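Engineer: This is the structure, below, for whatever I ask next.
The values are calculated or read from the model by the stated rules, or taken from the named source; none is laboratory data. Just so we're clear, the structure is a prediction, and the values are computed from it rather than from any experiment. Note: ideal-geometry Cβ built from the backbone for every residue, glycine included; neighbour counts use all protein chains shown.
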Amino acid sequence: MFPWVYGFEWTAGNVIFLGLFFTVVIVILTTVTVAVVRSRRAFKERRHHEVKWESTFEDLGSEARPCRHQLSGETDQRMCRHGFECKDCSFHKQMLDSAYKLVEAESDRYYHRGHAWVRKESYSTVIIGLDDFATRIVGPKARAKLPKIGRMIHENGTAWRFLLGDESVRVLAPVSGQVIEHGGPDRGWYLKVKLLDQGADLRHLLTGNEVNPWMEYEMARLIRMIPESCQAGLTEDGQLVDDVTAKCPSLEWDLVCSEILLEP
Amino acid sequence: MSRAKEKPEGAPRYAMTIDLDKCTGCGACMVACAVENNVPPAQSGANDRNGTTLMRVYAMSNKQVYPHAKQVFVPMTCQQCEDPPCETVCPQNAVEYDWTTGIVAQIPVRCLGCRYCMVACPYHARAFNWWDPTWPEGMEATLNPDISTRSRGTAEKCNFCHHRRQLARERAVHEDREMCEDEYQPACVEACPVGAITFGNLEDPNSAVSKGFAKPEAFAFVEKLGTKPKIRYLSSQKWVHDMARSGVPGKEATNG
Amino acid sequence: MDKTAISRGLQRAPLGQFLLWLGPWIALLVFGVYCAYLCLRYGLHLTNMDNRFAFGAWIFLDLTVIALGAGAFFTGFLLYILKRKELRAVINSAVTIGFICYSGAVVILMVDVGQPLRAWFTFWHPNVHSMLTEVTFCITCYLGVLAFEYIPILLKNRKLRQIPSFLVFEFNMHKVMYVLAGAGTFLSFFHQGSLGGLYGVLNGRPFVYRESFGIWPTTFFLFIVSAAAAGPSFILLTTWITSKVTKKRLVTQEVYESLGKISGYILIGYVLFKTIDTLVWISMTAPGMGVHPDSFFASKPGYTALHLLEVTIFGFLPMAIYMTKRLRSQIKWLVTAAVLTCLGIVVNRYILTIQTLALPTLPFDELLSYMPSWQETGAFLMVIAYGMIVYSLSFRYANLFPLERELQRN
């Protein structure tokens, strides 16, 4: 196998065969090593949360990923390929620069595709909450496991977890920062977060006119998950009921939450 | 050690002739071979297909009925092919054509036991050690000290009693002379009571073997396969020659 | 009970029912391992192989499963190199089956050789002229490639993916998967071929010896083509069987039809090539070695019929079915063609491994017969049981069919 082994000869056959073999082995080992090295680098540079989100995003069904500009009617059917990270998306920049400008509503909330919202408290602190739609889907019976004070949360990482029985679903964090206060559920679960960088960059969050079309889309998505027999009991007085999954026994809390909160 | 690609100057090429007109099918050659080569005693379940028979006598008939029925006995062993099909197929280089003697060598300690060489050999020359070799109490005394025993799970075949050549050469060196070719005779040659087997050096034109090869009665089995066997069988009967050319029972060779 | 380990949105049987399904397979595995142990401990005389039937049921099994497991490399090639996107629906299943087939084959091989502890000798003192050396090197390498392709599938399990390092590693492996697919294709090309070459080079056996292109006999290329044809068919078959057993829709009709069409195209090449090769063998190769093919099975004409069947019923017929659009749209015809194609592989490998050794090579030989012993059969079944268990566990806890979640919602 190697030149120093007894009986080895430098024949053409040996050179070609072993040459090819060692080449293939080196290619395979190099490839796997590259994957390992890249993984370790992601951890060292603390980018592993980004990588986790990138991987999770790939597993979301195409239904969960319409581009925000499709929802606002600006463009035809388009699937987001950028992990909802509109900040450095070339298409989003292109849309902003184009003739159609969105009118900024007075609403002070910025919505993440995972249904968490952000409200600016001061230059460097924000409040993070869960929107009404998702709150009604999670229901009052679920217990929230909020992060400890002082803990770091990462954008597109976990903000907090909801637990019901032995199942759990996480809420996607809309921004990165340090938790300085948390509370709920009386006026809704919330986190007060001190931002990492000074000044919040919220360009990846939906706001103003974008919010309603998106909410309608999400509502349609929810209805598609619910069997016909239960659809009537979904709303009361024109509003979504408090505890969506409780109204329908065949509906699984875990499944519906995973679809809406984007945890495949 | 590098394998020589050509025959060294003056090296012998050992071959055999077996006279089928003389062979009585007594089987003395088989017994002598087994004893000489430390073949272990057969264990429960052994039969003619899984026993270790490095030399084996077969009966070949012309498949006719009386009064035309004829039969010969054919001692069949490793043909020590010049182009051995077993050599090219061994994955570990455990089979090697020895250019210094013309014998196809088998390295038992390198054999993996994959049995590919056995599939490749058309002469059924190779046997596999299906059992762990054991000698009943007291029978170790029958072992030949000049040859090793082989472990379970390896293939083996006739090697023209190569150890006898080593002994003959050692004796010659000890006595400060050249070795005579007659001094080296495999066990089967010695044991045959009618002298049907002749053994010698093909490179020597005067040896009995070389003369035997040149006779018109000499033929090889399934020569068309291109293995270039170094054993010639002698027979004065034409039907034997015709049968041997074809590899299929009862069929004569086609033209082609 | 183990619901949190099962991917979201997928229905799986209750744990008790699943264990009931696994039970008999585990029992069979235990029995098979015992048989293998007996052979390793006491010697290969416990099998019915002998000096004339040096290769037996195990080698036949090896060749068959490796050909059927070719779906792994071929689907990988079609998906990652030729960008046939619809095959993403079955790639995970194909890789799992490939991993099972190759690891099972290697385990059986270790029992089959007389001295398994000397297996490294082939690597240390390789004989580059031997087809078996080529097979050994390539299969070992390829098993490594398959392991690296299979592990990411396991890491995507719902519980395991929560471990950050697993998910990040899986993600990075996925990014470089096309390199592994390419290496796998290269290796598979050679070892599938060399398995055929094993027989085509035997100039001592006129029944299998064939003409060569360079150093490679025609059986080298025939094996590659037949494996490429069988791969997609076997995936079609296993996917359909799995969906029937689990009573779920796992892939769309489009995927089945795509697999069938690919298999069909390759079968055209195979039937053509094999016919020409057989004709050349009958008219030129075998007579040149002193044998007319008529005489091989003169005493048993049924054996010759098997050769004809391989190319007609198991080769031409499924090809015709696959290439007919009207039949291809019906799943029952696709499955029939898939079964026939896979059986064609089984028949072809049987002819080469078992029939070759049964045939006489010397004029005083008889036609021999061989039937595996119960220990051999047990070890054979061990591989089958192992495959069922690994596949069942993979199906339950990993996401073998990405389209399943979408399909079961509708």
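Engineer: With the range C:299-410 as the region, which helices (runs of 4 or more DSSP H) entirely inside it contain at least 1 residues that are more than 30 Å from residue C:13 (Cβ to Cβ)?
Structural biologist: On the way: elements: C:301-311, C:317-323, C:325-328, C:331-350, C:374-397, C:404-409.
Result: C:301-311, C:317-323, C:325-328, C:331-350, C:374-397.
Engineer: Output the residue which, of all residues in the range C:285-305 that are modelled with pLDDT of 85 or more and touching a helix residue (DSSP H, G or I) at 6+ places or on another chain (Cβ under 6 Å), is farthest from the other protein chains (Cβ to nearest Cβ).
Structural biologist: Per the stated criteria, the residue is C:286.
Engineer: Report, by residue number, each residue of the range C:1-14 that is among the aliphatic types (A, V, I, L, M) and away from chain A (no Cβ under 14 Å).
Structural biologist: Within the range C:1-14, C:13 is the sole residue that qualifies.
Engineer: Restricting attention to the range C:63-74, does a residue exist that is part of a helix (DSSP H, G or I) and over 18 Å from the mean Cα position of the chain (by Cα)?
Structural biologist: No, the conditions are met nowhere in the range C:63-74.
Engineer: Here is a further query. Let me spell it out: the conditions are (1) at the interface with another protein chain (Cβ under 10 Å from one of its Cβ atoms); (2) surrounded by 17 or more Cβ atoms within 10 Å (Cβ to Cβ), and residue C:229 meets all of them except one. Which number is the exception?
Structural biologist: All conditions pass for residue C:229, except number (1).
Engineer: Mind checking whether some residue in the range C:235-249 is surrounded by fewer than 23 Cβ atoms within 10 Å (Cβ to Cβ), in contact with a Gly (Cβ under 9 Å, 6 or more places away or on another chain) and in a helix (DSSP H, G or I)?
Structural biologist: Looking through the range C:235-249, at least one residue is surrounded by fewer than 23 Cβ atoms within 10 Å (Cβ to Cβ), in contact with a Gly (Cβ under 9 Å, 6 or more places away or on another chain) and in a helix (DSSP H, G or I).
Engineer: Still on this structure: For the structure I just gave you, tell me whether residue C:262 is crowded, with 16+ Cβ neighbours inside 10 Å, touching a Gly at 6+ places or on another chain (Cβ under 7 Å), closer than 21 Å to residue C:79 by Cβ and in contact (Cβ under 8 Å) with a residue 24 or more places away in the chain.
Structural biologist: So residue C:262 does not fit the description; no.
Engineer: Related question: What single numbered condition from (1) modelled with pLDDT of 90 or more; (2) surrounded by 12 or more Cβ atoms within 10 Å (Cβ to Cβ); (3) not β-branched (Val, Ile, Thr) fails to hold for residue A:19?
Structural biologist: So the condition that residue A:19 fails would be (2).
Condition check ((1) of a type outside the set (Val, Ile, Thr); (2) modelled with pLDDT under 95) across all residues:
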site: B:73; (1), (2): yes, no
site: B:77; (1), (2): no, no
site: B:93; (1), (2): yes, yes
site: B:117; (1), (2): yes, no
site: B:137; (1), (2): yes, yes
site: B:140; (1), (2): yes, yes
site: B:154; (1), (2): no, no
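Engineer: Let me ask something else about it. State which residue is nearest to the other protein chains (Cβ to nearest Cβ) when the search covers only the range C:174-207 and only residues that are more than 20 Å from residue C:131 (Cβ to Cβ) and more than 25 Å from the chain's Cα centre (by Cα).
Structural biologist: C:176
Engineer: For the condition modelled with pLDDT under 95 and within 21 Å of residue B:223 (Cα to Cα), what is the one hit in B:61, B:2, B:44? Step through it out loud before you land on a result.
Structural biologist: Numbers: B:2 fails: within 21 Å of residue B:223 (Cα to Cα); B:44 fails: within 21 Å of residue B:223 (Cα to Cα).
Exactly one of B:61, B:2, B:44 is modelled with pLDDT under 95 and within 21 Å of residue B:223 (Cα to Cα), namely B:61.
Engineer: Does residue C:361 satisfy the condition of being in contact with a Phe, Trp or Tyr (Cβ under 7 Å, 6 or more places away or on another chain) and within 14 Å of chain B (Cβ to nearest Cβ)?
Structural biologist: no
Engineer: Now for a different question. Can you work out which of the residues in the range A:5-14 that are within 9 Å of chain C (Cβ to nearest Cβ) and assigned to a helix (DSSP H, G or I) is nearest to residue C:126 (Cα to Cα)?
Structural biologist: A:14
Engineer: Within the range C:136-157, is even one residue more than 9 Å from chain A (Cβ to nearest Cβ), farther than 16 Å from residue C:76 by Cβ and hydroxyl-bearing (Ser, Thr, Tyr)?
Structural biologist: Yes, there is a match, as at least one residue in the range C:136-157 is more than 9 Å from chain A (Cβ to nearest Cβ), farther than 16 Å from residue C:76 by Cβ and hydroxyl-bearing (Ser, Thr, Tyr).
Engineer: Moving to a separate point now. Could you say which residue among C:359, C:327, C:381 is under 30 Å from residue C:35 (Cβ atoms), over 24 Å from the mean Cα position of the chain (by Cα) and not charged (D, E, K, R)?
Structural biologist: None of the others qualify; the one that does is C:359.
Engineer: Run down A:24, A:36, A:51 and say which single residue is at the interface with chain C (Cβ under 10 Å from one of its Cβ atoms), touching a Cys at 6+ places or on another chain (Cβ under 9 Å) and either among the hydrophobic types (A, V, I, L, M, F, W, C) or assigned to a helix (DSSP H, G or I) (or both).
Structural biologist: That would be A:24, the only listed residue that is at the interface with chain C (Cβ under 10 Å from one of its Cβ atoms), touching a Cys at 6+ places or on another chain (Cβ under 9 Å) and either among the hydrophobic types (A, V, I, L, M, F, W, C) or assigned to a helix (DSSP H, G or I) (or both).
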